[in-house]
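Each value in this text was obtained by applying a stated rule to the coordinates, not by laboratory testing. All of these numbers come straight from a predicted model, not from anything done at the bench. Because the Cβ atoms are built from the backbone with ideal geometry, glycine has one as well, and the counts that use them run over all protein chains shown.
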Amino acid sequence: MFRNLVRLLSALSLVSLFFFPVLADASCDDPLGCVEVEPDDPIVVGAMLVVSGAINYLGEDTLGGVELALLARDNSLLDHEIELVLEDSLCTAEGGQVAAQRLAADPTVVGAIGTNCSSAAQGAIPIISESGLVMIAPSNTSPSLTNSDIAAGGSHLPGYFRTSQNGLIEGMRLAQFALRALKAETLATVHDGDPYTEGLSRAVADTFAELEGDVVFQGAVNKGDTDMSSILTEIAVHQPDVIYVPLFEPESNFFAAQMTHIAGLEDTIIIGGAASFSSSFPENTGEAAVGIYVSGPLVSGDAYEKVLEQWVEEYGSDPPSGYHAHAYDATNLLLEALEAVAIVSDDGSLMFGRQAIRDAVAATENYPGLTGRLTCREDSPYAGDCSPGTALAVFIITEAEVFDDNWPPPLAWNFSVDTFD
Amino acid sequence: MFKWKTDEFSWVDFTIDVLRVLIVLGVVIGAWNTLSSGRISLAQWVNLFAAGLSQGSIYALIALGYTLVYGILLMINFAHGEVFMAGAFTTVFFAEALNRTGFLNEQPLLSILLMIIFAGLVSMTVAILLERVAYRPLRGSPRLVPLITAIGASFFLQYTFRGLYGSGFKAYPQVKMLQGVISVGGINIPIVQIFVFCSALVLMLGLYWLVERTRIGKAMRAVSENKEVARLMGIDIDWVIMFTFGVGGFLAGSAGVINGMFRPQGVNFFMGFIPGIKAFTAAVLGGIGNIPGAMLGGLFLGVIEAIGPNLVLAGLGIPGANQLKDVIAFTMLVLVLIFRPQGILGERLAEKKA
């Protein structure tokens, strides 16, 4: 008798294993599956940001942008509380991979904001794409991330979007700036093998050459290098007018500081990338930072001013970097998409189709964000690019940033206002 | 030199000799191509040499810690890079405080001296604790045991300091007195590089004097020769070993501050790893266990790293030569181990020491 009862229970358990998921998914006809939110449960939004390490200021900056965007909606959507799950994606492919795996393993996550670094995105994209999730990056710029041509080094997969500008656009503008504003005839570029620095260096060099400038040196350093004398000497042999160095700290600090000791580079100008757009760059580089140009995001407008005021109110200081507005926009794109595709039941429970969320984000057109009018593109090499690319400027480091803690530095070139001859 | 010609033929000896010839040929051809092209000016070569000498001085100071400990205990203290980091990372806060008060630039030499003493004491404390807690209980156990412990201690120290001071990068304030250059025959040499070399030289000579001319130095040498006989002579072995770790630690901490003057940026919990490995390489290059060897090995490695990529690799048409700086360092280690296992100044070790 007892054995029969056990058999019956086992059989019922097996049957339930097969049928319950089907029953639960009965009303979901999304090809990638659905995320269900019970009446009293929160909507879970993931964030893959760099929380620790040398550039944790970037994670802090973008996390603030995400939190303020949620706060602007009272941390709720469709009468459900929004819960933010933060994963540290570091600034490496491995970090991005781990963060993405953790989010992909959580069936309640509807989508994610992140990553900060392009290298982390390269690790995260395959996992996020495979799991049917969507990720919107606030500060990735590597051109490869929105390029669908895998054979040409592209790594774009469905589900990836970004609100930061494509490095191709940044590279084109910086090359124009070097050639036309600085009147440079020769250019050298240095990267560190990271997809972000490599992509930008290549984009600047390609455009500079297309505009009939002379690219005299393209080289690289290793991450972790402290001695730059060897590459600086090699660059000095070629006597470039401008060196484009989109390195991260501390390599960018070492590069700029040691350049002053190299014969032949006394009159050479450095242009740094957004990875050096932080108050710690002039602080750590010292006097050698004076006169260095750095590209970085430039956002303005009444809506942005209000967000800045709110930032100071919430965190008691200014944002540590310049990508908080992009993170604010990324969060809003995701929330707008969720709102558009949610299936609301009578009892207040919600259902989000994963493919539907992707389609809704991809359909974003002319969205009035802090960083401009956002339209998400589908054409490679811009697949997933939502940024209008207008929130970009070149700043110049002065003594005030080095010695008096002034930040941000004065504008040298505003691409949305200044025009070339 | 060519053993296979005179003795019984051996394929191993033959291969090593061919390798020897190929390496010498590669170096000569690369250097000839570079020098004959005239791409790099004399001023630039001097810049590279001076930078290499300064970097080498720092390697040498750290290498002395490896060599002292190896000389006395026959163990490789792989946590020594972290001893260097401990002093350098802690002192950056002291340096910031000196800078805030303006004392750093009002009394630069005194400030640097204070920083060196402070960093030296911090690193000395860490090194002594390491010996007392991690290594002494393992004395007498198989040699692999303290080696693995040292690797574990290295990680422990890294993450302890990460917990204490955070994972971000700090930078030493720049001392105005060390900025600028000195012109010699139209060639500009940065003052900071002269300072680094001179301070390291003073510390190295100080160590040499300590080991060769003092009672404790004599005790160190005696323990290094034979512990049991030294004990019979009334030498407190434990004290001498602890003192040796302390001296190595003090030199590593001092190297941390000197490094901070030379390359102020990039101070963080992981900063000791690469210099530690390079200094170990320098110690092996010079002949591990040999104090002048460690000094020479450090300087040699620093100069080779600075000049090698541009002189040899670029001349051989190898792309991205400067990225292969570390390859040069570790290739040197491999070559030394193949051709002269005892190092530049080392002597062949007796069976019990090898």
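Enumerate lysine pairs in the protein assembly as shown that are 8 or more residues apart or on different chains, then count those whose Cα atoms are under 15 Å apart. Eligible lysine pairs with Cα atoms under 15 Å apart amount to 5.
Once both labels are positioned 7 Å from their Cα atoms along Cα-to-Cβ, the gap between B:THR160 and B:ILE29 label points is 5.1 nm.
Under the combined filter of DSSP loop state and at most 13 neighbouring Cβ atoms within 10 Å, segment B:1-74 retains these chymotrypsin sites (Phe, Trp or Tyr not before Pro): B:PHE2, B:PHE9. At q = 0.11, 0.12, 0.15, 0.21 Å⁻¹, what log₁₀ I(q)/I(0) does segment A:288-410 have when each alpha carbon counts as one equal point scatterer in the Debye sum? So the normalised log intensities are -0.53, -0.61, -0.84, -1.18.
Under a Gaussian network description of chain A, with springs only between Cα atoms under 10 Å, the residue in A:VAL344, A:VAL361, A:VAL134 that fluctuates furthest is A:VAL344.
Grab the DSSP H runs of chain A that are 4 residues or longer, score each as -39,500 (n - 2.57), total them, divide by all residues and round the 222 nm result to the nearest 500 deg cm²/dmol. Walk me through the intermediate numbers first.
Numbers: 13 runs with 161 residues, N = 421.
Calculated from helices alone, the mean residue ellipticity at 222 nm is -12000 deg cm²/dmol.
Within the listed set A:PHE403, A:PHE248, A:PHE208, the residue fluctuating most in the Gaussian network model of chain A (springs between alpha-carbon atoms under 10 angstrom) is A:PHE403. If you take the charge dipole of segment B:52-276 about its Cα centre, with +1 on Lys and Arg Cβ and -1 on Asp and Glu Cβ, which of B:GLN174, B:SER111, B:THR214 is farthest toward its positive end? Ranked along the dipole, the leading option is B:THR214.
Find the eigenvalues of the gyration tensor of the Cα atoms of chain A, then list the square roots of 5 times those eigenvalues as equivalent ellipsoid semi-axes, largest first, in whole angstrom. Before the final figure, lay out each step's value.
Working: eigenvalues 396, 98, 74 Å².
In descending order, the three semi-axes are 44, 22, 19 Å.
Using a Gaussian network model of chain A whose springs link C-alpha atoms within less than 10 Å, name the residue from A:TYR304, A:TYR244, A:TYR315 with the highest mean-square fluctuation. The residue that fluctuates most here is A:TYR315.
Counting only whole DSSP H helices of chain A, the ones at least 15 Å long by C-alpha along their axis and with mean Kyte-Doolittle hydropathy no lower than 0.0 are A:2-24, A:56-71, A:118-130, A:324-341.
Applying 1/(1 + (r/R0)^6) with r as the Cβ-Cβ distance of B:ILE277 and A:ASP40 and R0 = 41 angstrom yields a FRET efficiency of 0.15.
Fully extending the segment from B:PHE14 to B:GLU228, taken as 0.36 nm per residue of separation minus the present Cα-Cα distance, adds 72.7 nm.
Mean separation of Cα pairs under 8 Å and 6+ residues apart, divided by the residue count of segment A:146-253: what relative contact order is that in percent?
Details: 150 pairs, mean separation 30.7, N = 108.
Contact order relative to length: 28 percent.
The charge dipole of chain A, taken about the Cα centre with unit charges on the Cβ atoms of Lys, Arg (+1) and Asp, Glu (-1), comes to about 1140 debye, rounded to the nearest 20. Normalised Debye scattering of segment B:52-276 at q = 0.08, 0.11, 0.13 Å⁻¹ gives log10 I(q)/I(0) of -0.30, -0.56, -0.75, counting only Cα atoms as equal scatterers and leaving out solvent. For GluC sites (Glu not before Pro), the sites in segment A:214-320 that DSSP calls loop and that have at most 10 other Cβ atoms within 10 Å are A:GLU266. Taking other C-beta atoms within 10 angstrom as a stand-in for reagent exposure, A:SER139, A:SER155, A:SER252, A:SER317 fall in the order A:SER317, A:SER155, A:SER252, A:SER139, fewest first.
Mean separation of Cα pairs under 8 Å and 6 or more residues apart, divided by the residue count, gives segment B:127-235 a relative contact order of 10 percent. By the beta-carbon count within 10 Å of each Cβ, the least crowded to most crowded order of A:GLU81, B:GLU131, fewest first, is A:GLU81, B:GLU131. May I ask which residue of B:GLY286, B:PHE78, B:ILE328 lies farthest towards the positive end of the charge dipole of chain B, with charges of +1 (Lys, Arg) and -1 (Asp, Glu) on Cβ and the Cα centre as origin? Positive-end residue among those listed: B:PHE78.
With the charge dipole of chain A set up from +1 on Lys and Arg Cβ and -1 on Asp and Glu Cβ about the Cα centre, the Cα lying farthest toward the positive end among the listed residues A:ALA178, A:VAL344, A:PRO319 is that of A:VAL344.
May I ask you to compute the full-extension gain from B:LEU345 to B:LYS176, defined as 0.36 nm times their residue separation minus their alpha-carbon distance, rounded to one decimal in nm? All intermediate terms of the calculation are to be shown ahead of the outcome.
On the way: separation 169, 0.36 × 169 = 60.84 nm, distance 3.86 nm.
Net length gain for the segment: 57.0 nm.
A straight line joining the Cα centroids of segment B:97-137 and segment A:212-261 runs 33 Å.
Just need the relative contact order of segment A:352-421 here, percent rounded to a whole number, with Cα pairs under 8 Å and 6+ apart. Let's see the in-between values first.
On the way: 82 pairs, mean separation 13.7, N = 70.
Reported relative contact order: 20 percent.
Rg over Rh for segment B:47-165 works out to 1.05, using Cα positions for both radii and the Kirkwood form for Rh.
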